[in-house]
1. More than 18 Å from LEU31 (Cα to Cα), hydrophobic (A, V, I, L, M, F, W, C) and within 12 Å of the chain's Cα centre (by Cα): does that describe VAL110?
2. Quick test of your reading of the structure: GLU40 fulfils all but one of (1) surrounded by 14 or more Cβ atoms within 10 Å (Cβ to Cβ); (2) closer than 22 Å to LEU100 by Cα; (3) of a type outside the set (Ser, Thr, Tyr). Name the failing condition by number.
3. Condition test on ILE50, is it part of a loop (DSSP other than H, G, I, E, B) and either surrounded by fewer than 15 Cβ atoms within 10 Å (Cβ to Cβ) or hydroxyl-bearing (Ser, Thr, Tyr) (or both)?
4. Could you check region 1-19 and list, in sequence order, the residues that are of a type in the set (D, E, K, R) and either outside any loop (DSSP other than H, G, I, E, B) or in contact (Cβ under 8 Å) with a residue 24 or more places away in the chain (or both)?
5. Does any residue of region 44-51 turn out to be out of contact with any Gly (no Cβ under 6 Å at 6 or more places or on another chain) and under 14 Å from ARG109 (Cα atoms)?
6. Anything in region 20-40 that is of a type outside the set (A, V, I, L, M, F, W, C) and assigned to a strand (DSSP E or B)? List them, or say none.
7. Among what's in region 67-111 and is charged (D, E, K, R), without any contact (Cβ under 8 Å) to a residue 40 or more places away in the chain and not in a strand (DSSP E or B), pick the residue that is surrounded by the most Cβ atoms within 10 Å (Cβ to Cβ).
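Just so it is clear, none of the values below were taken in a lab; they were calculated from the coordinates. If you're wondering where the values come from, they're calculated on a predicted model, not measured in any experiment. Here the Cβ is made from the backbone with ideal geometry for all residues, glycine too, and neighbour counts use every protein chain on show.
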Amino acid sequence: MDLINYDDFAKVEFRIGEIVEAVNVETSDKLIRLVVDFGEPGKKIVFSGIRKYYQPEELLNKKTVFVVNMIPKKIMGEESAAMIFTAEDETNDKMSILILEKDLPNGTRVF
């Protein structure tokens, strides 16, 4: 495990986003295209390789944590502007998005 200092960690901005649209990417067996509402900054497109573990309808209206200050990456001709935060148990081939215990506004910063 690589250790980082606080300054490195402080560069990462985690925010709560609500998944308002989710569709399988037809030309990929891994990707789901999400539209995520981050409140004041608005909605962003996020491509995620979680298709093996989730169907799009399972993700709709879920609030979870995203890394929002990544440099956008062009995927399937569109900019993917964030990354969903997941936990993966590779030994048992399971993955989970992190669901909030309490309802917080979209865009809330996570520390």
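1. Working: more than 18 Å from LEU31 (Cα to Cα): yes; hydrophobic (A, V, I, L, M, F, W, C): yes; within 12 Å of the chain's Cα centre (by Cα): no.
When the stated conditions are applied, VAL110 does not pass them.
2. (1)
3. On the way: part of a loop (DSSP other than H, G, I, E, B): yes; either surrounded by fewer than 15 Cβ atoms within 10 Å (Cβ to Cβ) or hydroxyl-bearing (Ser, Thr, Tyr) (or both): no.
Here the answer is no, as ILE50 does not meet what is asked.
4. Quick first cut of region 1-19, residues of a type in the set (D, E, K, R) only: 2, 7-8, 11, 13, 15, 18.
Passing the criteria: ASP7, ASP8, LYS11, GLU13, ARG15, GLU18.
5. So in region 44-51, the residues out of contact with any Gly (no Cβ under 6 Å at 6 or more places or on another chain) come out as 44-51.
Restricting the remaining residues to those that are under 14 Å from ARG109 (Cα atoms) gives none.
For region 44-51, residues out of contact with any Gly (no Cβ under 6 Å at 6 or more places or on another chain) and under 14 Å from ARG109 (Cα atoms): absent.
6. To start, the set of residues in region 20-40 that are of a type outside the set (A, V, I, L, M, F, W, C) comprises 21, 24, 26-30, 33, 37, 39-40.
GLU21, ASN24, ARG33, ASP37, listed by residue number.
7. So, considering only residues that are charged (D, E, K, R), without any contact (Cβ under 8 Å) to a residue 40 or more places away in the chain and not in a strand (DSSP E or B), the one surrounded by the most Cβ atoms within 10 Å (Cβ to Cβ) is ASP93.
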